[in-house]
Every structure is written in structure tokens, then in C-alpha cells.
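Working notes, structure below.
Read-outs: derived from the displayed coordinates by stated rules, not from any lab. Since we're looking at a predicted model, the values are computed, not measured. A quick note on method: Cβ atoms are made from the backbone with ideal geometry, for glycine too, and the neighbour counts reach across all protein chains shown.
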Amino acid sequence: MKTFEELELIAPLRRALADEKYEIPTPIQAQTIPSALEGNDVLGCAQTGTGKTAAFALPILNRLGQLNRKALPNSPLVLVLAPTRELAIQIGESFATYGKHLRLRQVLVYGGVKQGNQVRAMGRGAHILVATPGRLLDLMNQGHISLSQLEVFVLDEADRMLDMGFMPDLKRIISKLPAKRQSLFFSATMPPKITELAARLLTDPIHVNVTPKTSSVKRIDQSVHFVERHNKQTLLKTMVTADGVERVIVFTKTKRGANVVAEKLHRSGISSAAIHGNKSQNARQKALESFRNNEIQVLVATDVAARGIDIDGVTHVINYDLPIEPEAYVHRIGRTGRAGAEGIAVSFCSSEEIGDLRAIEKLIGQKVPVSGGTEPAPSASVRPSGQSRGRRPSGQQGGRSSGHGRSPSSTPGSRHAASRRASEATGSGDSPKPRRRRRRPSQVS
């Protein structure tokens, strides 16, 4: 499949694709959509920002549009399961965009808000249900949702589900699925537990892997600044006020750290907002919309947002804190360079984060170029790059913290000046809270 016109999609979908100027499918779309249209199970491995949402949404909408049935009260025909509220909302928006010429009903079900509106919407009937695991199980246990009539099941960002502790919830949901169904399974990585889950969920699936380990980072201009923690805030201010730095996502290890960084930027006259699991749903959506509409320049986030934010035109990603898990680095910097566009990713690395940097470089198979500061000698408390990430050594602090077919382009150009001009910045910073034992959430964070 070289163009969307080659697909035998129903006319309303072709109109919607034309409206969005979708012409050439991404690799994950080209390799999965034809098989999904034939009703086959699909096992797809691809990073976020590669077009996975359209890869499953178009076949689903085509199926529902052809059959043209009424929505059943409390019994969806399609279930799409996502790990976070933000991703669920974005998937819902994609279904609404692609299906705008179809008379189909969809309902979003996620935690962090009262369930009344969601219960009433399900009672009116839904062809498509997009849900997070915790709230879905709550409503199933209360008798508000039945999966007995389900025909298509989609599991998106499966490895993120595992990271967030949702595996027991997933198994309970899967146990309620009808035996006869189509299943579409997407994940950015395939650790053993995810492979085991896929084997349990899928029947003779089509395997598609379009994610070589380093492909998602090759198009992004990466660099690292060696800077101690107490100097990070001033370095950040210097960078985000440089010429060419237009829309920035800053990542911190902790929720408290995100709040502190955003507040200090705000006091410096830089429009910013924090987004993390402790923020209310309304606050998170307001921050995302303000960022999407260019009302704020800087969005400060924890890793809970790294795999669910799909916003065009992010010029820079700045890792204020390096992530503990090296895989999270790839997901973070993937917020820029979306769908083939170029982007810039800058990481701040203190002496206690050298081990984390080495682990990242081992994962991506390349050294991150140094653009500022001098690499310090690792202290005795720094974890070597090969050490297990289950626990951090004593003395260290930390916390665990959709795409489609268009290919927008941008030229970094003068944005490199941000990196060059900031290398000598100094000032004061903040320290994250000590890491706490992680508990499985009862609903999405």
C-alpha cells in the first residue's frame, strides 16, 4: 500500500482522509491496515508518533460503517484500551476526526472525573468505547458495561500498561472478552510479559515491526549539558528564552519537581504549566489545550505524559532530569520530531546522573553529543550503566516518574543557538523528593 487511495475504504472515510490531506500512509499503517480490514488479528510494534491510531481506527470505522447498526445500551461493539486519560482522549479525537461523516457513537471512560456522565452515555449506547483499565473495571463491576457483544478489541501502548502496573487489570478485562473477536495489539517494545500477553490475546496474528531500536531518535538532534542540579533552573531559563525556541516540553523525575520548575519559569515571565498525575483532569486538559493553542510556551511534565502527548510543532524537548529507565528517554524525546519531522532534544546531566546517561547511550547505540559543561567524574554513589533499575543505590534520589499519516516538516535552523548560548548559565535549582515504593494504581494516574 503506497497511498490511502489504494485501500477499498467506504466513501465517508475517503472523504475524511481527503479533508485531513492524508495521502501517504506511514509504515505501520501500510503494513497493518490491509490485514486489519480483512479481519485478521494484528501484533504491531512501533513507537508513538508513527501513526498507530489511524492504523486501527480506519479498519474499525470501515467495518462499523459498512454494517450500519444501532449502538447497543451498555454493550460496545469495539473496545480500545489505553493506559492514560490523555491518550484515551486523543484516541477519541482521532476516531471523531476520521469518522466525522459516519453516524457512529463513541464514549470515553477514564478515571479522575465523576462517573455519572460516562454511565449515562453508555446507557444511551456506544459503537466504540475508548477506556482506561481502572475506570473500565469499576463500571464493569457495577454492571454499567458488558463486553458480551464486543467484536473488536484494541490494546494500545501495552508496554506502558505494564510499566504503570495494570497487568492484573488487563488480565481481568481480557477474561471477559468474547472468544470470537478481532484483536489488534500495539506496543512500542515487546518485553517478555508483553509477548506472553500477546500470545494469550491474539489468534494467528499478522506480525508487524517497524521500530528498529534507534530509528525513532536518529532524526532528532540530541545533545547533553553537564550541569549540577543547583544550576539547572538558570540553564533552563537561558535555553527557553533563546531565539528559535518556540514550543518546549520539559521533563522532570517527580511531580513536585514539575511544579517547582513550572512555578519558577512563571515567576521569570515565561508562560508555563505543569502536567502530572496529581493534577485534576480539568487542570491537565486546560494545560494541554493552552500548550496546543500556543497560549503557553513551556509544558513541564513527568513521564506519565511522555507516551500520551501528540502535539504538532514541539520544537524542543528538555530533560531537566534524566529518566531512571533509559527506555523513557526515547519516549520523551519522541514528543518532538513527530511523524518524520525534525526536532531538538537537550538533556541536563549532573554528576549523580552519569550512570543514567550511559544507560541511555547503550540503549540508543550512540553517544549523545556534549554541547555544554564538562563531564564530571562519577561519584561512588552513581549507578553503573549496567546495574539493575529495580532499586537505586543508597544516597541517590529519584522517582518513577497517537499519531497519524501526515509528515509535518520543520527546520531547526537557529534553534541550535539555544544550546550554544546556554552552556555557561548558572543559578539555583530544586531537588526531587526521595523515591517512594510504587503501588499499583486503582485507576489511571
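Qualifying trypsin sites (Lys or Arg not before Pro) in segment 161-193, where qualification requires a DSSP coil assignment and no more than 11 other C-beta atoms within 10 Å, comprise Lys180. Per-residue extension of 0.36 nm, minus the Cα-Cα distance of Ala18 and Ser290, leaves a gain of 95.1 nm for this segment. With a simple spin-label model that places each label point 7 Å from the Cα along the Cα-to-Cβ direction, the separation between Ala199 and Asn141 comes to 3.0 nm. Taking packing as the residue-averaged number of other Cβ atoms within 10 angstrom, the listed peptides 243-250, 100-107, 232-239 run from highest to lowest as 232-239, 243-250, 100-107. Neighbours of Arg284, meaning other residues whose beta-carbon lies under 9 angstrom from its beta-carbon, give a summed charge of +2 when Lys and Arg score +1 and Asp and Glu score -1. Shape class of segment 4-209 from the Cα gyration tensor (axes a ≥ b ≥ c, square roots of the eigenvalues): oblate, since a/c reaches 1.5 or more and a/b does not exceed b/c.
For the pair segment 118-143 and segment 270-296, the centres of their Cα atoms are 26 angstrom apart.
Based on the Cβ-Cβ distance of Arg172 and Ser351, what FRET efficiency does E = 1/(1 + (r/R0)^6) give at R0 = 41 Å, to the nearest 0.05? Plugging the Cβ-Cβ distance into 1/(1 + (r/R0)^6) gives 0.35. Working ranking of peptides 54-63, 146-155 by packing, defined as the average number of other Cβ atoms within 10 Å per residue, highest first, is 54-63, 146-155. Modelled spin labels at Asn282 and Arg120, positioned 7 Å past Cα toward Cβ, are 1.6 nm from each other. Report the calculated FRET efficiency for Ser75 and Lys367 (r = Cβ-Cβ distance, R0 = 56 Å), to the nearest 0.05. According to the calculation, E is roughly 0.55. Using a simple spin-label model with pseudo-atoms 7 Å out from Cα toward Cβ, Gln66 and His230 lie 6.7 nm apart.
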